[in-house]
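One structure is given below, encoded as structure tokens.
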Amino acid sequence: MNRFGLAAVAAGLSLGIAGCGAKLVVVPVTSETTVTGTDQKLADGRSSGATLDGEGIFYALPRTVARVVVKVDKVVKQPAPYARFAPIFAPGAEPPCGTIVKCAALTGKGETTAYDIQQGATFSPFGEPDPSKVFMVKFTGGKAIDQTLSMAWNEAGLLSTTSASVTNRTTDIVISGLKLATSLATKAAAGSATVVKKGITMFPQCDVTGASPNDAWVLPILSPETADLSTNPLVANYCSLPVTDRPGRADEDSRDDFRQDRDAELLRLAKHAYLQRVAALVSQRTTLLTSTSSQLLDPLKYIEKLETLIEQQVKELFVGSKSTKTWEMPFEVRQLQPGSPQSILGISQELGVCPRTELLAPDAKPAPDGFAVLPTAKCDKTAAVSVDYHPGRDQQLFSRIKATVREPTTGERSFRYMLPAQIKATLATKEQTYGSAVFAVAQLGHMVSLPAKRHAKTISYDLAMIEATGGLKTFKLGTTGALDAGTVDALSAAGGTVLDARNARRKEDEAAQKDAETKADELTILTRQHSLLKLRDEICELQKKYGLACTVQP
């Protein structure tokens, strides 16, 4: 009987646990949902759709935004008057126009401006609240239900961590621990333009006699006062150039090349300017470098000044100037859909840059002074961000889960998280790629929900989420059966108490019964005695009436 009584108590409590379990419910909030208890309705104020009791706290899963940082250069080139002869007078110093042929083509055109995108565009994803994935954590409590809830958001309004517990004190079920939780090398070049390499006495690539039709008019101009051309440094620089690069061909049909009838006078002027403004400085520097008896207190300091003057003169005469301004533009790209490139800026190499200003990040700096910012239609080259699944869509985790695991369509659910898609993003024009990166995107993936309750005394989650994608970083689940050790101990104690009470009651009943029985026996005896005494008196009275002696003994 005792065992059956304890089993009945345990069965009763088990039914209570299964039927009255606590739960933590999170419900979706759509644009069609009307929330009561708030100051205003969601979306555009429509009242159609489901009605939701607003007793709760709201949060949103993230959508991923790609921050693309692009650097655009504006390069202004001012060619020097004798830049076409830079390989002769300043070898190693590349003029801003590039090769000799390009410099010849720019003669007389003056300053040029060019805009272009730098290589190495960078991508960095971040998250922002997705208005299509808004949820409410429902408040519970009252009567025998206890609830605690703690949530934290980051600066962007995304859920960072949360802890929640629901306690049904009627059945002692606890769900706890949910936690979501441009310089030029002109110094060396100027030096090599005036120093004859030791051991060189002839130049096999040049006809030092001047008899070659290609070199005959150049060599005398470079060194008319030197009988032995092999010892002239300018001749050395000229003859060290490849034959195809030497400005010595007399072909009048090669209009982009150098010709005697067109360039001889300019070459004479270039040499004269070099001798007047550069050679004297180089000679002083050479003297200081080779002299062992300099009277200067600090010859190195003076040499540094000479180096600076030489560099300045060479740049003005033969190299030209090149200045670069860079505009660093961060764009925020939200259209991350495979097969749908998103253009972010255009470039006109000569006119300016055409950024999509509506895509520029709020912290973008204004264009540098002198940068030409144009309407989109003015640019002939467009750079766009394109994305594709990486690896292929069918090979990704979210796709497999979405295809094989069916999400419950009815019943209550708890917190949601994302299985993001991994993509490769590229910034490119039709002609060139400027940067790429691989990262995860929330909105291209699949959303999964946690159960609101389980058939257990206690359910606990421990989650850490990636804020940019809503994906899980860590996950831990803990459940405790309805009849755990604590419950069994409690049931044993309760059962023991019941049995003790019943035993005490039975003893009390037995004592009362015995006492009653004892009292009943005494009454019977007294009643018998009373009857006997009364009967004796009656007999004695009858004997006296008839004159007989009383024979009844007292």
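Worth pointing out:
- Calculated FRET value between residue 515 and residue 400, using beta carbons and R₀ = 60 Å, to 0.05: 0.15
- Subtracting the Cα-Cα distance of residue 365 and residue 337 from 0.36 nm times their residue separation leaves 7.3 nm of extension gain.
- Extending 7 Å from Cα along the Cβ direction at residue 507 and again at residue 407 yields two label points whose distance is 6.4 nm.
- Long pairs among 133/476; 71/322; 301/325; 271/301, criterion Cα-Cα beyond 26 Å: 301/325; 271/301
- Estimated FRET transfer efficiency when R0 is 56 angstrom, pair residue 272-residue 429 (beta carbons, to 0.05): 0.75
- 3J(HN,Hα) couplings calculated from phi for the range 524-532 with the Karplus curve 6.51 cos²θ - 1.76 cosθ + 1.60 (θ = phi - 60°) are, in sequence order, 4, 5, 5, 4, 5, 5, 4, 5, 5 Hz; Gly and Pro show x.
- With only Cα atoms counted, the range 288-404 has Rg and Dmax values of 27.1, 90 Å.
- Each label was represented as a point 7 Å from its Cα along the Cα-to-Cβ direction; for residue 73 and residue 55 these points are 6.6 nm apart.
- Database remark: amide H of residue 56 closer than 5 angstrom to the amide H of 139 (H placed geometrically; neighbours at sequence offset of 5 or more, or on other chains; Pro and chain starts carry no H).
No value in this document is a laboratory result; all are computed from the given coordinates. In this text the structure is predicted, and so the values were computed from the model without any measurement. Reconstructed Cβ throughout: ideal geometry from the backbone, glycine too, with neighbour counts over all protein chains shown.
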